[in-house]
Structures are given as structure tokens and as C-alpha cells.
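Trainee: Provided herewith is a single structure, encoded as C-alpha cells, for subsequent inquiry.
The values are calculated or read from the model by the stated rules, or taken from the named source; none is laboratory data. Not measured: the values here are computed from a predicted model. Counting neighbours? That spans all protein chains shown, and the Cβs are built from the backbone with ideal geometry, glycine included.
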Amino acid sequence: MKLDKMLIVDEALQLLNQVGIDALSTRLLAQRLKVQQPALYWHFRSKRALLDAMNEEILRRGHKHRTPRAGESWQDFVRKNARSFRGALVAYRDGARVHAGTEADPQELGHFERLLEFLAGEGMAVIPAMELLITIGRYTVGCVMEEQAEYPSGPGRGEALDAAARDHPLLSQALLHYRAGGHEALFESGLALLIAGAEAAIVRKS
């Protein structure tokens, strides 16, 4: 089999879905590709380099709303961009953990410059605009990381907590709402709060 980076990354993503990031190794990947492990080092010098490439491919495949559309407000863009980013990460097992710790590709800096230009054109100062992008990006990664965490499951899971919460009526009401909506609803609520906070900050400074 002739190895190239795209083949390695594609097989690595399939392996990720099977075993998760903790068990993912160049040894297992080499076995899957039916090659000797050193053959992988010709393309990726470390597991981190491989994870960086996997992250790039995850985003390429799933993150479709990366740039503002014509006539789109900054609020709509930020909301749709975050949803698109979340969708890309949840599409792969441990997708958020693959993304965490990666750095922006230098070739992507032009893209981020254009995002700042867009937000500046919408009336936002450069530093708050950058802080907003970072904050919502990290919020999204954190939400997906929690969603993808492997909590114990099975009969009775959560029942003890719900029973104990009955002594705390406000918390009990909040837990009921949380369980009814699930991860996506909670993500949307938090995203709305972040956008509303950014709107309020802009109004205060204008």
C-alpha cells in the first residue's frame, strides 16, 4: 500500500471512532494500514502532528459555516459559525479532545483576519472581537468535550441525584429542564447568553 498523508489521516479518523483518543496510537494505526510503524514517521513525526492533521480534516469535512454570508449580521454569523463548529466536532468520537491544544495553521491567518475585518465592520473593536471569537470557540470545545465524556451509564444512573435534588426545589426544577433539553439545548442557551453579553458590551461602549 502506497502511503500518503490523506490516506493516513482518513484511516486515523476511522480508528478514532473505533477506539477513542486514549487508545489511538501509531502502533495501532500501522497495524490497520498493514505497514511498519516507522513508515508513519515519514509523514508525521509525532502523535501530536497526526492529531493536528486529523483536526484539520475534521473541520474541513464538517465546519461549513466558517465565513460570513452576504447580508449576515455578526450575531447570525457567530451563532451559525458556532453551531457549524460544534457539528464538526461531535461528528467524531473525542472530536473536541482532538481539537484541544491545536494551533492555528499559519495559512489560516488570512481567514481570521477577514473575520476580524467583518466584526470591525459591524461596529466591534478589534480586541473585543478577537476575545469574542476565542471565547465562543473555547465554549464550544468545552461543551462538546463534556458531551463526549464517557460517563458511567446504566440502570439507575442519575436517579440518586434526582432524588436528592427534591430537597432543593430550584435546583430540582433546573435539573428537570436540563435533562429534558439535553446537550444541544444547553449549548444553544449558553451561546445565546454569550451573544447577548457581547451585544450589551457593544452598547455600553458606543
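Trainee: Would you be able to say whether some residue in the stretch 127-134 is within 23 Å of Leu194 (Cα to Cα) and in contact with a helix residue (DSSP H, G or I) (Cβ under 6 Å, 6 or more places away or on another chain)?
Mentor: yes
Trainee: Can you find even one residue in the stretch 85-103 that is on the phi < 0 side of the Ramachandran plot, modelled with pLDDT under 95 and out of contact with any Cys (no Cβ under 8 Å at 6 or more places or on another chain)?
Mentor: Looking for residues that are on the phi < 0 side of the Ramachandran plot, modelled with pLDDT under 95 and out of contact with any Cys (no Cβ under 8 Å at 6 or more places or on another chain), one finds at least one in the stretch 85-103, hence yes.
Trainee: Inside the stretch 31-51, can you point out the residues that are surrounded by fewer than 18 Cβ atoms within 10 Å (Cβ to Cβ), assigned to a helix (DSSP H, G or I) and not polar (S, T, N, Q)?
Mentor: Selection gives Arg32, Pro38, Ala39, Tyr41, Lys47, Arg48, Ala49.
Trainee: Using the structure shown, decide if Arg79 is touching a residue at least 24 places away in the same chain (Cβ under 8 Å), more than 20 Å from Leu116 (Cα to Cα) and either assigned to a helix (DSSP H, G or I) or in contact with a helix residue (DSSP H, G or I) (Cβ under 6 Å, 6 or more places away or on another chain) (or both).
Mentor: no
Trainee: Is it true that some residue in the stretch 137-147 is assigned to a helix (DSSP H, G or I), surrounded by fewer than 17 Cβ atoms within 10 Å (Cβ to Cβ), at pLDDT 95 or above and in contact with an Asp or Glu (Cβ under 9 Å, 6 or more places away or on another chain)?
Mentor: The answer is yes; a qualifying residue exists.
Trainee: Ok, one more. Return the residue satisfying two criteria in turn: it lies in the stretch 1-30 and is within 16 Å of Arg45 (Cβ to Cβ) and out of contact with any His (no Cβ under 8 Å at 6 or more places or on another chain), and of such residues it is surrounded by the fewest Cβ atoms within 10 Å (Cβ to Cβ).
Mentor: So, considering only residues that are within 16 Å of Arg45 (Cβ to Cβ) and out of contact with any His (no Cβ under 8 Å at 6 or more places or on another chain), the one surrounded by the fewest Cβ atoms within 10 Å (Cβ to Cβ) is Arg27.
Trainee: Pick from Arg86, Arg61: which is under 22 Å from Leu193 (Cα atoms) and not in a loop (DSSP other than H, G, I, E, B)?
Mentor: Going through Arg86, Arg61 in turn, just one is under 22 Å from Leu193 (Cα atoms) and not in a loop (DSSP other than H, G, I, E, B): Arg86.
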